[in-house]
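> The structure is given below, and queries will be raised subsequently.
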Amino acid sequence: MSIISKIILSIFSFLILILGYIISNEVEFKANIIELPPESNAKCLDGSPYKFMLIKGKDSGIKNFLLYFEGGSWCGTDVKPKPAIEECRKRALTNLGKNTFSINIKYIISRFTRFFSNKEKYNPSFYNWNKIFIKYCDGFGHISNKNSYGLYFNGINNTLGILNYLKKNFDFENAENTVISGYSAGGLAALLYSNYIDSLTKKKNNTIVIADSGFLNLIDYEEIKEGENDVKKVFKDVMKYSGNNNIILKHVCKYYNNSEDKYLCMLPEGYIENIKIPVLIMQNSFDSWKMRHILKESCFLSFKFVNGCNKEQIDNIIKYGEKLNDRMFEHFKKKDNFSFWINRLIGHTLTIFNSQIYGDKYKINNIKLGEFIKEWVENNLYQNKRKHVFYIYPNTSLIHNYRDIYLYSYILPFL
């Protein structure tokens, strides 16, 4: 990475941090950090007791729950990949492997305003709900269940510990409404946990999923590049450390008992068919995580900045992005409980930046993403009327050249 690129990245990170604190001054909140008891066997990679963040609901939202899974990739998916265990050892020394929260709680809430604010004008769907931020620290997408090499792969125990805490202290079994959400690896976790969490509540037709950037596509890689994809190898490792009796995957994955194809549990081909509750998928076509880690295009220096992609790389990026759109549309046609909100943009996650949720520039069919989330939630929870839509932006024509992608993308963080 050049010095100029590093400077740009540093300035960008600083501006986002400042913006978070500016917004947070307007956001009322009272958050609690809860440490799960030893008997839950809930631990982070380094063995530290597991903690999560809870904002208690009130008034009409006291029996409603938002469960939000934190993202953060998976061990073994570095740009220059190393064995998963080696990366997990390093991760155990960071905030993605310890029970510490990586950023100030006030900043977390401001960063995820659409989900965690206690003010109705910022968070009309969940402002008075019980809101749970499920910290990510097991290295394998919240679904690990097998300790090894002196590391604690306790993703399942961590999440089940939270659910047991909610059942004991908040009568979760009698929840009126539940939304399962998350971004990146947490977005995939929301999909994988959907059936199990839905099974815990007595009231039916009251659980939905909002998954941000958790839809992965490895199948079309082989049509673009030769050789086995590194992420495919990683997902085989994820399955290795998911244990032999994984209660979460059993509920959702049709390949769970197929040792050769079990890694497909991490892909739509493995879980979509079995998910019965309403799901909203939010995704960037040209997802920068996928471009860096699946396609391995070196011109992606970060999630937002590109360093002179050549024609072959540009062709690969566009081909992969459009194949991803096609793949999502195929699933949309088969599953009437799935809806999609797709941006033909470079970037990773849509719910972290408030500009993408509230900005006028990114309207689809004259509706902002934040407004669409509110409408979709109301239709599926309160009116019991499934909203089955496939929105894509820009929706007039395909992007055919890199300059179009560039122009659409790089003003995004500063709106």
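The values are calculated or read from the model by the stated rules, or taken from the named source; none is laboratory data. On a predicted model such as this, the values are computed, not experimentally measured, just so you know. All Cβ positions, even for glycine, are placed from backbone atoms using ideal geometry, and neighbour counts span all protein chains on display.
> Is it true that some residue in segment 108-115 is at pLDDT below 90, polar (S, T, N, Q), over 23 Å from PHE170 (Cβ atoms) and assigned to a loop (DSSP other than H, G, I, E, B)?
no
> Being in a helix (DSSP H, G or I), surrounded by 18 or more Cβ atoms within 10 Å (Cβ to Cβ) and either at pLDDT below 75 or out of contact with any Asp or Glu (no Cβ under 6 Å at 6 or more places or on another chain) (or both) is the requirement here; does LEU381 meet it? Spell out how you get there, then give the answer.
Values: in a helix (DSSP H, G or I): yes; surrounded by 18 or more Cβ atoms within 10 Å (Cβ to Cβ): yes; either at pLDDT below 75 or out of contact with any Asp or Glu (no Cβ under 6 Å at 6 or more places or on another chain) (or both): yes.
Here the answer is yes, as LEU381 does meet what is asked.
> Here are some residues: GLY214, GLY186, GLY182. Which one is part of a strand (DSSP E or B), modelled with pLDDT of 90 or more and either touching a strand residue (DSSP E or B) at 6+ places or on another chain (Cβ under 8 Å) or surrounded by fewer than 18 Cβ atoms within 10 Å (Cβ to Cβ) (or both)? Explain how you work it out, then say what you get.
Numbers: GLY214 fails: part of a strand (DSSP E or B); GLY186 fails: part of a strand (DSSP E or B).
Criteria check complete, one pass: GLY182.
> Applying the selection to segment 69-102, what residues are under 15 Å from VAL238 (Cβ atoms), modelled with pLDDT of 90 or more, in contact with an Asp or Glu (Cβ under 7 Å, 6 or more places away or on another chain) and part of a loop (DSSP other than H, G, I, E, B)?
Selection gives CYS75 alone.
> Being basic (Lys, Arg), in a helix (DSSP H, G or I) and over 21 Å from PHE115 (Cβ atoms) is true for just one of LYS204, LYS146, LYS168. Which residue is that?
Details: LYS204 fails: in a helix (DSSP H, G or I); LYS146 fails: in a helix (DSSP H, G or I).
Going through LYS204, LYS146, LYS168 in turn, the sole match is LYS168.
> Next question, about the same structure. When the residues of segment 28-67 are filtered to those that are hydroxyl-bearing (Ser, Thr, Tyr) and in contact with a helix residue (DSSP H, G or I) (Cβ under 6 Å, 6 or more places away or on another chain), which remaining residue is nearest to LYS119 (Cα to Cα)?
This residue is TYR50.
> For the condition more than 20 Å from the chain's Cα centre (by Cα) and either under 25 Å from LEU216 (Cα atoms) or crowded, with 19+ Cβ neighbours inside 10 Å (or both), what is the one hit in ASN147, ASN174, ASN118? Before you say what the answer is, go through the steps one by one.
Working: ASN147 fails: either under 25 Å from LEU216 (Cα atoms) or crowded, with 19+ Cβ neighbours inside 10 Å (or both); ASN174 fails: either under 25 Å from LEU216 (Cα atoms) or crowded, with 19+ Cβ neighbours inside 10 Å (or both).
Step by step, each of ASN147, ASN174, ASN118 is checked, and only ASN118 is more than 20 Å from the chain's Cα centre (by Cα) and either under 25 Å from LEU216 (Cα atoms) or crowded, with 19+ Cβ neighbours inside 10 Å (or both).
> Sticking with this one: Would you check if THR201 is without any contact (Cβ under 8 Å) to a residue 60 or more places away in the chain, over 23 Å from CYS137 (Cβ atoms) and touching a strand residue (DSSP E or B) at 6+ places or on another chain (Cβ under 7 Å)?
Against the criterion (without any contact (Cβ under 8 Å) to a residue 60 or more places away in the chain, over 23 Å from CYS137 (Cβ atoms) and touching a strand residue (DSSP E or B) at 6+ places or on another chain (Cβ under 7 Å)), THR201 qualifies.
> Hey, can you tell me all the residues within segment 221-241 that are of a type in the set (A, V, I, L, M, F, W, C) and crowded, with 18+ Cβ neighbours inside 10 Å?
Once the filter is applied, which keeps residues that are of a type in the set (A, V, I, L, M, F, W, C) and crowded, with 18+ Cβ neighbours inside 10 Å, segment 221-241 yields VAL231, VAL234, PHE235, VAL238, MET239.
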